[in-house]
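J.: Before we start, here is the structure in question, set down as structure tokens.
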Amino acid sequence: MKSLLIAPRFPWPPYTGDRLRASVWISALAADGDVALIAPHGTIPADVPLRFYEARSSTTRAIRGAMTVLHENLPLQCLLGAPYDWPRAIADARREMGPFDVTIVLLSRMHPWVRKSLEGRTILDAVDSLRRSAGERRKAASPLTRWLWNIEERRVARIEREAARAYGQVVVVSEDETSDFGGAVAVAVSVTVTAKPLDDAARNYDFGFRGRLPYFANADATAWLLGEIWPAIRALHPSATLIIGGAEASRALRNDARRSGVTLISPVEDIASFARNIRVALMPLRYGSGQSSKVLEAAEAGCAIVGSPTALRGLGALAPYTRIESSALGIARAAVELLTDADARARMTARLRETISSHYERSEALGRLCAIAAGKVR
């Protein structure tokens, strides 16, 4: 099978949801044939078997794309794909490797830039509902900018309906969001991780949180953690330690962490090693859509988990084995209880890892994506 994958961002390193999803698609497709990747500039890892066709950027295309966004009332986030010459990259891939048996497009916001180049069997992997994501941003926005996110939410909903009608199949990460695409044939393939054995190495931090730090939901979670949850934890357990990690930490966040006695690592070179150094993972997310990969990574790493209801969205199999709290004090108390009760923590981590193996194992997702690409899942 020959497959064409069109990704809005270069997949490596896979520290955002769409980058991770692209890398998982590549692993699935490469096991069953030849793969061509179209994405912005980047260096393909040496052990990844594919042909890469760079979507080159230019100021001219960015200006033309901006005019298209204005003329067609497209969502503003479509501007992220505007500077790139997607049609030319697609034409190059088809000339050298085509015809393709299937074309997979990542994210609904890509549709305006590739719609005229689609042919044959097509799949839209929306990852999560951008309408829901825009709605979450609206809730998080200040009163001065909330009106903008209201408009964006309506425009994204329209684009998702239009895009869904143009593809043979739609894929999302959460079963809860399969109904968001205007009656299109939508299936869910969860975010997954690869379960690996745990060693007996000591964990150096009592608590931890990780995420791409400028992202609005993670920025809010970090501010809540440092501003309210961490002081409550220190009041209950003065000797507690906390580590925060993730890409693109701002100078202000680094200063806040330093003043709070918190270790901050940015970027995180090895996510698995980072998580395996934490006893209790804190997930104080108040906004978000789809599924949170950081929760799965913490569960696989043998961390106990205390999180908000939003953090556990779309992870119904995992949620019963975590502590779910909605307030800063509730999160702090649950976290300290787990830290000081090694037996309870061990029971929780064992159940979490069992659930990872039975519901969120990467190998299962690879097989399902491969079957979707082959047209065997409807």
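J.: Rank T122, N150, P75 by how far each Cα sits towards the positive end of the charge dipole of the range 1-158 (+1 on Lys, Arg Cβ; -1 on Asp, Glu Cβ) and give me just the farthest.
T.: N150
J.: Among L226, L236, L282, whose mean-square fluctuation peaks in a Gaussian network model of the chain (Cα, cutoff 10 Å)?
T.: L236
J.: Quick check: residue separation of T59 and S179 times 0.36 nm, minus the Cα distance between them. What number comes out in nm?
T.: 39.4 nm
J.: Compute the separation of the alpha-carbon centres of the range 169-230 and the range 1-51 and state it in Å as a whole number.
T.: A separation of 21 Å, based on Cα centres.
J.: Need one value: the accessible area of M110 in square angstrom, 1.4 angstrom probe, rounded to the nearest 10.
T.: My reading of the accessible area for M110 is about 0 Å².
J.: Report Rg/Rh for the range 135-202, rounded to two decimals, where Rg is the Cα radius of gyration and Rh the Kirkwood radius.
T.: For the range 135-202, the value is 1.21.
J.: Here is a follow-up. Residue separation times 0.36 nm, minus the C-alpha to C-alpha distance between M67 and L144: what's the value?
T.: Fully extending the segment from M67 to L144 adds 25.2 nm.
J.: May I pose another question? Which whole-number percent is the relative contact order of the chain (Cα, under 8 Å, 6+ apart)?
T.: Value for the chain: 14 percent.
J.: Between A272 and R154, what length in nm is gained on full extension when 0.36 nm per residue of separation is reduced by their alpha carbon distance?
T.: Contour length minus Cα-Cα distance gives 38.7 nm.
J.: A further question follows. Which value, in Å², gives the accessible area per residue of the range 43-182 when a 1.4 Å probe is used on the protein heavy atoms?
T.: On a per-residue basis, 50 Å².
J.: I'd like the carbon and sulfur percentage of the solvent accessible area for the range 79-206, probe radius 1.4 Å, heavy atoms only, ligands and nucleic acids excluded.
T.: With neighbouring chains kept in place, the figure for the range 79-206 is 49 percent.
J.: Let me ask you something else. For the range 269-316, what % of the accessible area comes from carbon and sulfur atoms, probe 1.4 Å?
T.: 45 percent
J.: I would also like to ask the following. If you build a Gaussian network model of the chain, linking Cα atoms that sit under 10 Å apart, which residue out of W147, W86, W113 swings the most?
T.: Maximum among the listed residues: W147.
J.: Enumerate the calculated ³J(HN,Hα) couplings along the range 336-345 in order (Karplus 6.51 cos²θ - 1.76 cosθ + 1.60, θ = phi - 60°), each rounded to whole Hz, writing x wherever the residue is Gly or Pro.
T.: 5, 4, 5, 5, 8, 10, 4, 5, 5, 5
J.: Let me ask another. Check A126: other-chain or 5+ apart residues with amide H under 5 Å from its amide H, H built from backbone geometry?
T.: Amide H neighbours of A126: L107, V171.
J.: Between the range 57-125 and the range 131-145, what is the separation of their alpha carbon centroids in Å?
T.: When both Cα centres are located, 26 Å separates them.
J.: How large is the translational diffusion coefficient of the chain in µm² per second when you combine the Kirkwood radius over alpha carbon pairs with Stokes-Einstein at 4 °C and 1.567 mPa s?
T.: The calculation lands on 60 µm²/s.
J.: Continuing with the same structure: Could you list which residues have their amide H under 5 Å from that of A186, counting only those 5 or more apart in sequence or on another chain, with H placed in the peptide plane?
T.: Those qualifying (amide H under 5 Å, at least 5 residues apart or on another chain) are V170.
J.: Next question, about the same structure. Using the crude model of +1 on Lys and Arg Cβ and -1 on Asp and Glu Cβ, and no other charge, please compute the dipole size for the chain relative to its Cα centre, in debye to 20.
T.: With Lys and Arg at +1 and Asp and Glu at -1, about 880 debye.
J.: Looking at this model, which pairs from K2/K294; K116/K376; K2/K196 are more than 28 angstrom apart at the alpha-carbon?
T.: Distance filter (> 28 Å) returns K2/K294; K2/K196.
J.: Work from the charge dipole of the chain (Cβ charges, +1 for Lys and Arg, -1 for Asp and Glu, about the Cα centre) and give the residue of W224, F274, P11 farthest towards its positive end.
T.: Of the candidates, W224 comes out farthest on the positive side.
J.: With all protein chains present, calculate the accessible area of L329 using a 1.4 Å probe and round the result to the nearest 10 Å².
T.: About 80 Å², ignoring ligands and nucleic acids.
J.: For the chain, set up a GNM with springs between Cα atoms under 10 Å and report which of R323, R259, R115 has the largest fluctuation.
T.: Result for the chain, Cα springs under 10 Å: R259 fluctuates most.
J.: Per residue, how much accessible area does the range 224-374 show when a 1.4 Å probe rolls over the protein heavy atoms, in square angstrom?
T.: Heavy-atom accessible area per residue stands at 41 Å².
The values are calculated or read from the model by the stated rules, or taken from the named source; none is laboratory data. Being a predicted model, the structure only gives us computed values, none of them experimental. Neighbour counts are summed over all protein chains in view; Cβ atoms, including those assigned to glycine, are modelled from backbone coordinates with ideal geometry. The area values use the complete protein model at the heavy-atom level, side chains included, leaving out ligands, DNA and RNA. Shrake-Rupley method; radii C 1.70, N 1.55, O 1.52, S 1.80 Å.
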